[in-house]
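A short worksheet on the structure shown next.
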Amino acid sequence: MKERNRPPRGMWSLYKMGGLPPAIHSVFNPQNAQQMAFIRQVMKRQRKDFIMETPLSEVEVVVFDLETTGFHAAGGDEILSFGAIAVKGERIVEEETFYTLVNPERDIPAEIVELTGIRREDAASAPSVMEGLRQFFEFVDRRMLVAHASAHDKQFLNAALWRTSKVHMTHRVLDTIMIAKWLEPKRKDYSLDALLEEHGIPITVRHHALEDSRMTAQLWVSFLRVVRDRNIHTLGELYSYLSQT
């Protein structure tokens, strides 16, 4: 007997993996289907616990930042730009950076334009959010992610991944605020600006995804040096101490 309401054969596998809307969208846009498949594959093979054994002097991370149209991913706000830079041990790899605007396909509030300098006309010809996600995770590959106040960025990445590809992010994300709170539990201000000033890191351009990533990378390296002086040598040991805060 023919199954009722079953999608056409060409989209059945996509339907089973992610639901009907993305499946329909992918059938009519093969490039999106390829990007969706790539993103899903990256998420599937990402999380491996052996990274916990990696010495901090050798650990490879990608420090990243997002700019967004607002603060509510579930309320219609969208990613505006991705910025990222690679760090190997205590070396910031300046030749390994990533930056792109993306088209949020919605208005950008005046206060966000003032904050980020990104106007609607700047983003209008930029890649789609799905394309931005694909490029970003292609750059990240299997490396761990580091961000400052990462809850905001994770919220937007997960919302965009689910909306476009019906997957959740599986990369580990280490928040520099967690390290700061462990190292300086009595501190009152854990903002990026305050921590940069405390560690003698020049503040260049704030609220630019790549520049914020560069400054956060310098903060990450500064923290690694303090952590090393506390006789902590592996990523697993660091996580163990952070879990006690």
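The values are calculated or read from the model by the stated rules, or taken from the named source; none is laboratory data. Predicted, not measured: the structure shown is a model, and the values here were computed from it. Note that each Cβ is placed from the backbone with ideal geometry, even for glycine, and that neighbours are counted across all protein chains shown.
If you check GLU114 against the conditions, is it over 20 Å from the mean Cα position of the chain (by Cα), surrounded by fewer than 18 Cβ atoms within 10 Å (Cβ to Cβ) and without any contact (Cβ under 8 Å) to a residue 12 or more places away in the chain? In short, yes.
Results for (1) within 13 Å of GLU67 (Cα to Cα); (2) hydroxyl-bearing (Ser, Thr, Tyr), shown as yes or no for each residue.
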position	(1), (2)
TYR99	yes, yes
PRO127	no, no
LYS154	yes, no
LEU161	no, no
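The requirement of being charged (D, E, K, R) and not in a loop (DSSP other than H, G, I, E, B) is satisfied by ARG214. When each of VAL27, VAL62 is tested for being aliphatic (A, V, I, L, M), surrounded by 14 or more Cβ atoms within 10 Å (Cβ to Cβ), touching a helix residue (DSSP H, G or I) at 6+ places or on another chain (Cβ under 6 Å) and at pLDDT 95 or above, the lone residue that passes is VAL62. Residues in the range 57-92 that are farther than 12 Å from ARG143 by Cβ and part of a strand (DSSP E or B): ASP65, LEU66, GLU67, THR68, ILE79, LEU80, SER81, PHE82, GLY83, ARG91, ILE92. I'd like to check something: does the range 78-87 contain any residue that is acidic (Asp, Glu), within 22 Å of ASP229 (Cα to Cα) and modelled with pLDDT of 95 or more? Taking every residue of the range 78-87 in turn, none turns out to be acidic (Asp, Glu), within 22 Å of ASP229 (Cα to Cα) and modelled with pLDDT of 95 or more.
Restricted to the range 193-232, and to residues there that are hydroxyl-bearing (Ser, Thr, Tyr) and farther than 17 Å from LEU183 by Cα, the residue that is modelled with the lowest pLDDT is THR204.
Listed conditions (1) surrounded by fewer than 17 Cβ atoms within 10 Å (Cβ to Cβ); (2) over 20 Å from LYS88 (Cα atoms) are all met by HIS208, apart from (1). Can you tell me which residue is farthest from the chain's Cα centre (by Cα) among those in the range 93-111 that are assigned to a loop (DSSP other than H, G, I, E, B) and among the hydrophobic types (A, V, I, L, M, F, W, C)? Top of the filtered list is ILE108. Of all residue pairs spaced 6 or more apart or on separate chains, those with beta-carbon atoms under 8 Å, a first member in the range 44-57 that is farther than 27 Å from VAL167 by Cβ and surrounded by 11 or more Cβ atoms within 10 Å (Cβ to Cβ) and a second member that is modelled with pLDDT of 55 or more and of a type in the set (Asp, Glu) are SER57/GLU90.
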